[in-house]
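Here is the structure we will look at, set down as C-alpha cells.
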Amino acid sequence: MKSADLFSQAQGLMPGGVSSPVRAIKPYPFYTEHAEGAHLTTVDGTNLVDCCMAYGPLLLGHAHPEIKKAIAAQLEKGWLYGTPTPYEPEFARLITGDHPGMDMARFVSSGSEATMAAIRLARGFTGKSDIIKIEGGFHGAHDAVLVKAGSGATTMGVPDSAGVLPALVAHTRQLPYNDAEALESMLASHHDIAALIIEPVLGNIGPVLPEQGYLKDIREITSAYGVLLIFDEVITGYRLGIGGAQKMFGVRPDLTTFGKIIGGGLPIGAFCGRKEIMSLVAPQGPVYQAGTFSGNPLSLAAGIATVRWLHNHPAIYPDLAEKVRAIEESLGTGKNAGGSFVRIGSMFKYFFRNKPPQNYIEVKECDTTAFFAFWQKMLARGIFLPPSQFETNFLSAAHTKKDLEAITGGYAACL
Ligand code: PLP
C-alpha cells in the first residue's frame with residue numbers, strides 16, 4: 001500500500017493520522033519501509049538521504065551493524081526482565097564517567113520522563129515550588145513544561161496545550177534564551193524557584209546557539225541563588241561530543257537529562273546528578289520515580305554499544321563538524337543572502353531570516369512559507385529534512401561523501 005492510502009486509513013484511526021504531531025507532513029507523510037546508513041526507503045519506493053535521523057538519536061546512522069549485533073545478542077536472551085541487569089551499573093559508570101559532576105544515574109524510558117523526574121527531584125531537593133524554563137525550549141510533552149514549548153508544539157502553533165491546568169503551569173516561569181540579566185532579576189525578586197531547566201543549545205527551535213558567556217553566567221547566577229541548574233541534554237548529549245554541551249561550554253550543571261543517542265535508536269531516557277541530589281530518589285530517598293520499562297536490556301545494550309563506539313571513534317565529532325561546515329560553505333554568499341545558516345557540530349539549520357536567531361521571538365520571525373516551499377523542493381530531490389523550520393537537521397556518521405554532495409547540491413538548487 002502507498003503512503004497516501006496508508007495516511008487516509010490512519011486519519012480515521014489515529015488523531016491526525018500520526019503517533020507524534022511533527023510527523024503529520026502535508027498533504028500526507030511518506031511511510032518508511034526500511035532504513036540503512038543515511039538512507040530511508042519509503043513504501044512508495046523512493047530512496048531519501050535522511051537529515052532528520054529520527055530527530056537526533058541516530059548519530060551512527062540507521063541499522064548500524066554494531067548496534068544491530070548488540071540488540072540481536074540481547075534479543076536471544078530475552079528483552080524484559082523486571083529485574084536489574086549487569087548493563088545498568090556498566091552504563092551508569094560510562095555516562096557518569098563522561099560527565100564530571102554527574103555522580104549517579106537513573107534510567108527511564110524517554111526524554112520526557114527524564115525531565116519530568118528531574119524537575120520533581122529539584123523540587124524535592126530544594127523544597128521550593130517553581131521552575132524556570134526557557135521560551136522555545138522543549139523538554140517533552142508533560143504538563144509542567146508545555147508552555148511556549150518548541151518542537152512540534154511551535155510547528156503546530158500550539159505551544160500552550162489545552163488540557164494543562166493553569167494551576168500547574170502557574171509554577172512554570174518563562175525567560176528568554178540568551179538573557180542572563182533577565183534570570184538575575186527574576187531570581188532577585190522570587191525566592192520560590194527550585195530550578196532552571198534549559199537546553200544548553202536550543203535544539204527544538206534551532207539550533208539556536210548560546211551567546212559567548214551565557215551558559216557560564218547562568219551557572220553563576222543560579223548557584224548564587226541556590227537554584228538548581230538542569231541541563232536538558234536529550235539532544236546535545238553525545239551529539240556535541242563525549243561530555244555533551246556541558247563539556248563543550250565548560251559548565252557543570254546540577255542535574256542532566258539524557259535521551260535519544262544514549263538509546264542507540266531504542267526508547268530511553270536518563271537523569272543524572274550530584275550524589276547529594278540523586279540520593280533523594282526512591283528507594284534511597286523520598287522523591288518517587290518508577291517505570292516498568294526503565295533500564296530495559298534492549299535499550300541499554302544498544303546504548304552501551306553506541307557510546308562505546310563513540311569512545312572508539314572520537315574523530316567522528318570533528319569529521320561531522322567539518323562536513324556541516326562544508327554544507328554551509330557550499331551555499332556561497334549569494335545564495336545565503338536571504339537567510340542564515342546556523343551550525344554547531346553535526347547540528348545545523350538554514351533559517352529563513354536574515355540574521356541567525358538568538359531566541360524564541362526571533363525564531364518565530366522566520367518565513368515558514370518559504371521554508372516549506374524549500375523543504376518540498378529538497379524532498380523532491382531526494383533529501384529529507386525535518387519538516388519544520390523549527391527542528392534541527394542532523395548529520396550522522398553514516399553520511400557518505402556522495403550523500404554530502406546530494407545535500408549540498410540540494411541546497412544550491414532549492415534555496
Ligand atoms: N528534551 C529535549 C531537549 C528533547 O528534544 C526531547 C524530544 O525531542 C525531549 C526532552 C523529550 O524526549 P522524548 O521524546 O524521548 O520523550
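The values are calculated or read from the model by the stated rules, or taken from the named source; none is laboratory data. These numbers come from a predicted model, not from an experiment. Positions of Cβ are backbone-derived with ideal geometry, glycine not excepted, and every protein chain shown enters the neighbour counts.
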SER161 versus (1) of a type in the set (S, T, N, Q); (2) crowded, with 18+ Cβ neighbours inside 10 Å; (3) within 15 Å of the ligand (Cβ to nearest atom): which is the lone unmet condition? (2)
Between a residue in segment 224-253 that is under 13 Å from VAL201 (Cα atoms) and not assigned by TED's automatic domain parsing to the domain that holds ILE268 and any residue that is at pLDDT below 95 and within 16 Å of the ligand (Cβ to nearest atom), which pairs come within a Cβ distance under 6 Å, given they are 6 or more apart or on different chains? none
Could you go through segment 109-118 and let me know if any residue there is away from the ligand (no atom under 16 Å from the Cβ), under 21 Å from the mean Cα position of the chain (by Cα) and more than 25 Å from VAL324 (Cβ to Cβ). no
Condition (residue is within 22 Å of TYR317 (Cα to Cα) and within 16 Å of the ligand (Cβ to nearest atom)) applied to segment 73-93: is it met by at least one residue? no
So for segment 334-356 (the condition being within 16 Å of the ligand (Cβ to nearest atom), buried (at least 19 other Cβ atoms within 10 Å of the Cβ), hydroxyl-bearing (Ser, Thr, Tyr) and closer than 17 Å to LEU209 by Cβ), does at least one residue qualify? yes
Starting from residues that are touching a residue at least 24 places away in the same chain (Cβ under 8 Å) and either in a strand (DSSP E or B) or among the small types (Gly, Ala, Ser) (or both), keep the ones in segment 298-331 and report whichever is farthest from ALA70 (Cα to Cα). SER330
The condition from (1) closer than 18 Å to ALA245 by Cβ; (2) more than 14 Å from the ligand (Cβ to nearest atom); (3) not acidic (Asp, Glu) that ALA170 misses is numbered (1)
Of the residues LEU266, LEU280, only one is within 17 Å of the chain's Cα centre (by Cα), surrounded by fewer than 24 Cβ atoms within 10 Å (Cβ to Cβ) and modelled with pLDDT of 95 or more; which? LEU266
When residues of segment 308-330 are limited to those that are charged (D, E, K, R) and at pLDDT below 95, the one farthest from SER346 (Cα to Cα): GLU329
Cβ-Cβ below 9 Å, separation at least six or inter-chain, first residue in segment 194-209 and on the phi > 0 side of the Ramachandran plot, second buried (at least 24 other Cβ atoms within 10 Å of the Cβ) and assigned to a strand (DSSP E or B): which pairs? none
Test each condition in (1) charged (D, E, K, R); (2) in a helix (DSSP H, G or I); (3) within 21 Å of the chain's Cα centre (by Cα) for GLU391 and report the one that comes out false. (2)
Got at least one residue in segment 363-381 being of a type in the set (Asp, Glu), surrounded by 17 or more Cβ atoms within 10 Å (Cβ to Cβ) and either under 24 Å from LEU310 (Cα atoms) or in contact with a Pro (Cβ under 9 Å, 6 or more places away or on another chain) (or both)? no
